[in-house]
Amino acid sequence: MRKDIVMGIDVGTHKVKVVVAKIEQIGVPPRIIGTGSHTMEGMRHGYIINAEEAQRGIAKAIQYAQEESGLKSLDSTYLSIGGRGLSIKYSNGDAIVSRVNSEVTQTDIDNAIAVSEEKMARELINQKIIQTIPIAYSLDSKEVYGSPVGMHGAKVSVQVMLITIEKQHIEELKDTIENLGVRVLDTIPSPVAESVPILTKQEKIIGSALINIGAETTSLIVYEEGVPIYLKVFSIGSVDITNDLAIALKVPVEEADQIKKGVVTGSILSQKKINTTIHNRIKDIFNGVQEKLKKIDKAGILPGGIIITGGGSETEDIVEYAKTLLKLPTHISGSKLGPHTLKDNTWAAAYGLCLLGSLQSVRNDKISGTISNIYKIIRGVFGKFLP
């Protein structure tokens, strides 16, 4: 594929979305030239249960994006991965400062990070680390705010958050895509990918939480000081709200989905029963979120508030439910992602992958290695052109 073209594939339980973008200028978000989506079969809770059906849906979405872009071929991509298999671990590592003058370099930081990964890798069974994000530094046992690169000391220590996924899960998904002749260049957790275009620089710094209410899962990612500090995926989503309404109101699922979104129907239905049914399931979702925020001492104290995205964000009055239950300022993510406006915010992960992938061309000592080194990107180049 041409060096100025980048593609992102976001495989969800019910939909797969593909965005193709063109890199026109370094430091400027790539321009979207093609999009494609298709209903996903063969997926459940983010897992492949039928590879043939999943591959067919992905192939269709890629085909639509290619046709819209006018390109002859699309043979490489960045992939976002979600589902309840995502989990986090915390680890730490130390490294002796290598320079004679005791000045800390990025190499020293990288060495400490490698130690933290090695320590955790020995404990992981059937899991693969797909993201390593430093969240705290210290130099000679004294806490350092921000990166210690350029400071002087004998030993640098790093605390990291590791995002993991089942090895089998990620390999099955990659094989499904690569069997289509499309090489997977790198894999990024969906909550991280979508947070890149959705959250502003200020929201990432002062502290905020992005909640994606998908079809069968809900993800929570919390940012502070510019980097993710917590991530969790729950096995509950907007389909549960739809199913509850269908049962409570004794209506077809299709009608229940429209009721969930506040679309007026011709049926004479009890508004009280509708509100109670939606509230009960939304309460389950946000109670789960609140429990996790309490665990990391962030309940009620995120200045950037709550940002809701995903298909479930269309649920009627969901912002008011969140404000009441989480006691934080809340808004729904818009569909304007960086400089572009897409149909809705469910395209954020696919476009976020394009943003991350476009920075692979920036090799002048700003970013090196794969985009899995997300902390370098978030703290570095992205701050120059994202909101």
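Since every read-out is calculated from the coordinates, none of them should be taken as a lab result. Please read these numbers as outputs of a predicted model, since none were measured by experiment. Here the Cβ is made from the backbone with ideal geometry for all residues, glycine too, and neighbour counts use every protein chain on show.
A few remarks follow.
- When you filter the trypsin sites (Lys or Arg not before Pro) in the range 310-360 for DSSP loop state and at most 11 other Cβ atoms inside 10 Å of their Cβ, you are left with K343.
- The chain: angle of helix 238-249 to the longest principal axis, Cα-based, in degrees nearest 10: 20 degrees
- Straight-distance crosslink candidates among lysines, where the alpha carbon sits under 18 Å from K336 and sequence neighbours closer than 8 are dropped: K17, K22, K201, K204, K384
- If you look at the Cα atoms of the chain, you get an Rg and a Dmax of 21.4, 79 Å.
- Excluding exposed DSSP-loop GluC sites (Glu not before Pro) (at most 12 other C-beta within 10 Å), longest clean stretch of the chain: 124-387
- Annotation for the range 4-112: trypsin sites (Lys or Arg not before Pro) lying in DSSP loop with at most 15 further Cβ atoms inside 10 Å of their Cβ are K72, R99.
- Seen against the Cα atoms of the chain and their longest principal axis, helix 271-295 is set at about 10 degrees.
- Mean shadow area of the range 165-316, taken as a quarter of the surface of its Cα convex hull (nm²): 11.5 nm²
- The slack in the chain from R56 to K155, taken as 0.36 nm per residue of separation less the alpha-carbon distance, amounts to 30.4 nm.
- Panel note: the C-alpha atoms of the range 134-219, placed on their principal axes, show extents of 50, 28, 20 Å (largest first).
- Inter-site label distance for Q25 and V100 at 7 Å from Cα along Cβ, in nm: 4.5 nm
- Taking only alpha carbon atoms, the range 87-166 gives an Rg to Rh ratio of 1.02, where Rh is the Kirkwood radius.
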